[in-house]
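Okay, handing you the structure first.
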Amino acid sequence: MTKDVQLDSPQTSDIKQPDVASAPLNEDIEEAILFAKKYLEDLLSFFGLNIDIYATTEDHEVIELDIPSTHLNGFLIGHAGDTMRALQYMMSSALKSQNFMHTRVNVDIAGYKKQRAQRLAKEAEEWFKEVRESGKPKELAPMNPADRRTVHQAASDYGLDSESAGFGRDRHIVLKPPKDEPAEDKKAAKTSQETKD
């Protein structure tokens, strides 16, 4: 015959969990920058990299962490920047868990992102010319968010419209020719040009 034994243990409702959601957000961006810098430096020290990371913000919204060039660049960047994006996500999660208001982080390793953005913008010029000459929309291959942002900005600078379409890993950009100016604007432009002549 078995007997059920009730142990004197607290009920789960009796255990108080820390309420992170009700804790006030830390709005000090300087403190968030210092936390992110130290966190990433500590993380990299596990790989034997004792380096000083350059940490700043340009717009008081996104924390910029620049890791200088080392012998582990390829390892830290990963295939097409996957490891670098994972580090970025980890940094953002760490800031959220510490109740920082500023949790958007951009991690760059040895200028990789800047160089990639420049190459992509140069490559995109061919796509822009094709759309402008044909007058037809062009769907691009799926891209990560940073690459899409670069192409959107470059398209806008080139005078084209662009929009993101699709979901998840299939999210891509559709480039569109510029919308025709309304007839009134064309008349005004023509009149303005005639008065200059």
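The values are calculated or read from the model by the stated rules, or taken from the named source; none is laboratory data. Model, not experiment: these values are computed from the prediction. For neighbour counting, all protein chains shown are included, and Cβ atoms are generated from backbone atoms with ideal geometry for every residue, glycine included.
Restricting to the stretch 164-175, what's the tally of residues that are in contact with a strand residue (DSSP E or B) (Cβ under 7 Å, 6 or more places away or on another chain) and more than 13 Å from residue 131 (Cβ to Cβ)?
Here the count works out to 5.
OK, next. How many residues are surrounded by fewer than 19 Cβ atoms within 10 Å (Cβ to Cβ) and under 11 Å from residue 26 (Cα atoms) when one looks only at the stretch 98-109?
Of the residues in the stretch 98-109, 3 are surrounded by fewer than 19 Cβ atoms within 10 Å (Cβ to Cβ) and under 11 Å from residue 26 (Cα atoms).
Pairs under 8 Å by beta carbon, first residue closer than 12 Å to residue 161 by Cα in the stretch 122-149, partner among the charged types (D, E, K, R) and not in a helix (DSSP H, G or I), six or more apart or different chains?
So the pair list comes out as 131/138; 131/176; 137/176.
With the requirement that a residue be of a type in the set (Ser, Thr, Tyr), closer than 26 Å to residue 125 by Cβ and either surrounded by 15 or more Cβ atoms within 10 Å (Cβ to Cβ) or modelled with pLDDT under 90 (or both), what does the stretch 149-193 give you?
Scanning the stretch 149-193 gives 150, 158, 162, 164.
Being under 18 Å from residue 54 (Cβ atoms) and in a strand (DSSP E or B) is the filter here, so list the residues in the stretch 84-142 that pass it.
Selection gives 104, 105, 106, 107, 108, 109.
Quick check, is residue 150 under 23 Å from residue 62 (Cβ atoms) and not assigned by TED's automatic domain parsing to the domain that holds residue 40?
Taking the combined requirement at face value, the residue satisfies it.
Taking the condition outside the structural domain of residue 147 (by TED's automatic domain parsing) and surrounded by 14 or more Cβ atoms within 10 Å (Cβ to Cβ), does residue 74 pass?
Criteria not met by residue 74.
On the given criteria, is residue 146 at pLDDT below 90 and surrounded by 16 or more Cβ atoms within 10 Å (Cβ to Cβ)?
The answer is yes for residue 146.
Which of the residues belonging to the stretch 45-60 are in contact (Cβ under 8 Å) with a residue 24 or more places away in the chain and surrounded by 11 or more Cβ atoms within 10 Å (Cβ to Cβ)?
Those that are in contact (Cβ under 8 Å) with a residue 24 or more places away in the chain and surrounded by 11 or more Cβ atoms within 10 Å (Cβ to Cβ): 47, 57.
Return yes when residue 47 is of a type in the set (Phe, Trp, Tyr), more than 14 Å from residue 94 (Cα to Cα), outside any helix (DSSP H, G or I) and more than 19 Å from the chain's Cα centre (by Cα) and no when it is not.
yes
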